[in-house]
Amino acid sequence: MNDEDVVFFLPYWEEENPTLDIQTGFMISEMFEEDECQKIGGKVYTNTDYYNSGKVPKKFIRDAIRKDHPRWVIGIENTATILISYKRQKKILINPKVALNDLNWVTSETIRDTYAFFSADHEKDYEMYSRVYRNVAFFPAEKTLHISDLSAAIRGILASD
């Protein structure tokens, strides 16, 4: 698999009136996530890319997928939530927020080509999502999930394609 075949969309900033600790935590987490994504291989879009583009993240992601034509997209938390609705796109989702509308009109190809991972903080999303999708994993002992936690699984999924 080539680096052009995989695109990572790291979470974007959506916190209003954050404390310094929250800002610092977000930035440090993003640095570690970006590093881990680069070890796996592929293009990585970060909060800085969304901000510098001047576009809302949903439009940025749509435009990036149209421009890059990746075989796989990987989204984390709020970017995974945006990617749920994408059809005819292979994807790996980490802790997306799931709404009932996300589960309507799902094709068998979308079910086959979508993998999702959920941590303990997203148990309700996991329960709803797993009613329709079959490539789903739940990590009840983990409060949150990071790329480093799932690196081997992601590499396995990408290698199996």
*Among Ala141, Ala120, Ala99, whose mean-square fluctuation peaks in a Gaussian network model of the chain (Cα, cutoff 10 Å)?*
Ala141
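Hey, what number do you get for the chain at 222 nm if only DSSP H runs of n ≥ 4 count, each worth -39500 (n - 2.57), divided across all residues, to the nearest 500?
Details: 7 runs with 71 residues, N = 161.
Result for the chain, helices only: -13000 deg cm²/dmol.
Does region 41-87 classify as rounded, prolate or oblate by the C-alpha gyration tensor (a ≥ b ≥ c root eigenvalues; a/c under 1.5 gives rounded; else a/b over b/c gives prolate, otherwise oblate)? List each step's numbers first, then the result.
Working: a/c = 1.37, a/b = 1.21, b/c = 1.14.
The shape class here is rounded.
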*Put Phe26, Phe8 in order of accessible area, largest first, 1.4 Å probe: what do you get?*
Phe26, Phe8
*Between [x] 118; [y] 168; [z] 104, which matches volume of the Cα convex hull per residue in Å³ calculated for the structure shown?*
[x]
*Selection of chymotrypsin sites (Phe, Trp or Tyr not before Pro), region 105-134, meeting DSSP coil and at most 14 other Cβ within 10 Å*: Trp105
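If I take R0 = 30 Å and measure r between the Cβ atoms of Lys87 and Asp121 in this structure, what FRET efficiency does the formula 1/(1 + (r/R0)^6) give, to the nearest 0.05? Intermediate results must be reported in sequence, preceding the final value.
On the way: r = 27 Å, r/R0 = 0.92.
Calculated value: 0.65.
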*To the nearest 20 debye, what charge dipole does the chain have about its Cα centre, counting +1 at the Cβ of each Lys and Arg and -1 at the Cβ of each Asp and Glu?*
860
*Given +1 on the Cβ of Lys and Arg, -1 on the Cβ of Asp and Glu, and no further charges, what dipole in debye does region 1-85 carry about its Cα centre, rounded to the nearest 20?*
540
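Kindly report the accessible area of the chain per residue (heavy atoms of protein chains, probe 1.4 Å, no ligands, DNA or RNA), in Å².
Numbers: 9160 Å² over 161 residues.
About 57 Å² of surface per residue is accessible.
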_region 102-154: C-alpha gyration tensor shape, a/c 1.5 cut-off, then a/b vs b/c_ = oblate
_Can you compute the label reach from His146? Point 7 Å from Cα along the Cβ direction, backbone N cut-off under 15 Å, restricted to region 36-52._
36-40
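With 20 Å as the limit, write out which pairs from Lys55/Lys124; Lys55/Lys90; Lys39/Lys67; Lys43/Lys90; Lys43/Lys124 have Cα-Cα distances beyond it, or answer none. Walk me through the intermediate numbers first.
Details: Lys55/Lys124 30 Å; Lys55/Lys90 24 Å; Lys39/Lys67 23 Å; Lys43/Lys90 15 Å; Lys43/Lys124 31 Å.
As for pairs spanning more than 20 Å Cα to Cα, those are Lys55/Lys124; Lys55/Lys90; Lys39/Lys67; Lys43/Lys124.
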*Mind checking which of His146, Leu20, Ile111 is farthest towards the positive end of the chain's charge dipole, using Cβ charges of +1 (Lys, Arg) and -1 (Asp, Glu) about the Cα centre?*
Ile111
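The values are calculated or read from the model by the stated rules, or taken from the named source; none is laboratory data. Owing to the predicted nature of the structure, the values given are computational and were not obtained by experimental measurement. Methodologically, a virtual Cβ is constructed for each residue, glycine included, from the backbone with ideal geometry; neighbour enumeration extends over all protein chains shown. Ligands, DNA and RNA are stripped out before the accessible areas are found, and what is left, the full protein with its side chains, is counted by its heavy atoms. Shrake-Rupley method; radii C 1.70, N 1.55, O 1.52, S 1.80 Å.
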